[in-house]
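One structure is given below, encoded as structure tokens.
Bear in mind that the values in this text are calculations on the coordinates, not laboratory data. Quick caveat, the model's predicted, so the values are computed rather than measured. Counting neighbours? That spans all protein chains shown, and the Cβs are built from the backbone with ideal geometry, glycine included.
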Amino acid sequence: MTLEHQDIIRNTRRLRNGRPILSVYLETEAGLALHHGHITQLMDVLRDLRRRVPDEQQQDLSEEMERVLAFVRGDYTPTGRTLVVFSSRPRRLFQTLSLQLALRSQARFAGKPYLLPIDLALDDHPRIAIVHVGQEKTRLLTAVLHEIESERRTEEHVPGRQRQGGWSAFRYQRDRERHIDEHFKAVVDDLSDLQKTTPFKWLVLAGTDEATSALTKLLPRRLKAKLAGAFNEEHFESSSTLTKRAFELAEEAERAEELQLTTLILDRAYARAPATLGWDTTLRALAEGRVHQLAISAAELGSAQADRAVELGFESRAQIEVVHDEAAELLAPHRGIGALLRY
């Protein structure tokens, strides 16, 4: 997600409840023509939406549907994995953005824009910081939703390797090591500043084993706790290649965290400690504001009860974790939802 995308979402979120807004999420594939199923998929999503909208809103919905269909048929060229559209003629709103992350195709027609899929995606794919560190050059990137958000390169003046021997060579090498150490400390300072201005959940290091190991030792505890892993990369690969590999490590860390949370929920629920399993008790606890951490299987997203659970979670400031793979399998006997309670 680019900074421009974030500005669009921030401004869209500020819209007050009022005349209905058509919110559409359409899963696409970059480079494929629209006749490869995108138009058909969009019409299916809109048809399903029409069945759920009250009669008195049907005319307004038809007008917004025509606007979105005209855009997709005439002006839109797939450039990402998901097209998002917010449309309301009475409110002079027609906002589009293309995301690199695939989100399930769906639509809503309500007084406020439907941002829940994006909010969940941001929770499920949080911002990561990537440091490609060398002894002289460093590249620092941030990325959100599989898209580069920012990138900065730095270069320190470090003396070259000394080929001559003797006392002068020893002093020269000591001076070189001091410069490298100062360079690594400056990288850590940059990361600390970044965490204050643009908070990230995971940190991934790239470089030689020697460089990443040296940098890891210098990380303060708060940054070391965010370290998802490191990989050996001596050459300065493209930023997109670095980001792809970094997201793989961050995803592994995210799945491990999901499994840890789900296991804790099950253990506490079985021990009759403050935890819930299943929809009835979890929704009741959410409505009462008692949920501290909510775990919901990715397979459950998109249903009315899942939307309600997540909305209640956001309203009560619960931590929401969308779980996958092994964690989702553990929750499956309990219909894909559970929570740790505050009391």
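Numbers below:
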read-out: In Hz, Karplus ³J(HN,Hα) per residue of region 300-308 (6.51, -1.76, 1.60; θ = phi - 60°; x = Gly, Pro); value: 8, 5, x, 7, 4, 6, 5, 4, 5
read-out: GNM top mover of H132, H146, H38 - the chain, alpha-carbon springs below 10 Å; value: H38
read-out: Neighbour cut-off at most 10 other Cβ (10 Å), DSSP loop, trypsin sites (Lys or Arg not before Pro), region 271-322; value: R272, R317
read-out: The chain - percent relative contact order, Cα under 8 Å, separation 6 or more; value: 14
read-out: Percentage relative contact order, region 3-114, counting C-alpha pairs under 8 Å, at least six apart; value: 46
read-out: Helix-only [θ]222 nm of the chain, DSSP H runs n ≥ 4, -39500 (n - 2.57) each, per residue, nearest 500; value: -15000 deg cm²/dmol
read-out: Sequence-distant aspartates and glutamates (8 or more away, or on other chains) whose Cα lies within less than 16 Å of K224; value: D189, D190, D193, E254, E257
read-out: (i) 39; (ii) 30; (iii) 49, with the label sought being that of the calculated percent of Cα pairs over 30 Å apart; value: (iii)
read-out: Beta bridge orientation in the chain: antiparallel %, DSSP, nearest 5; value: 75
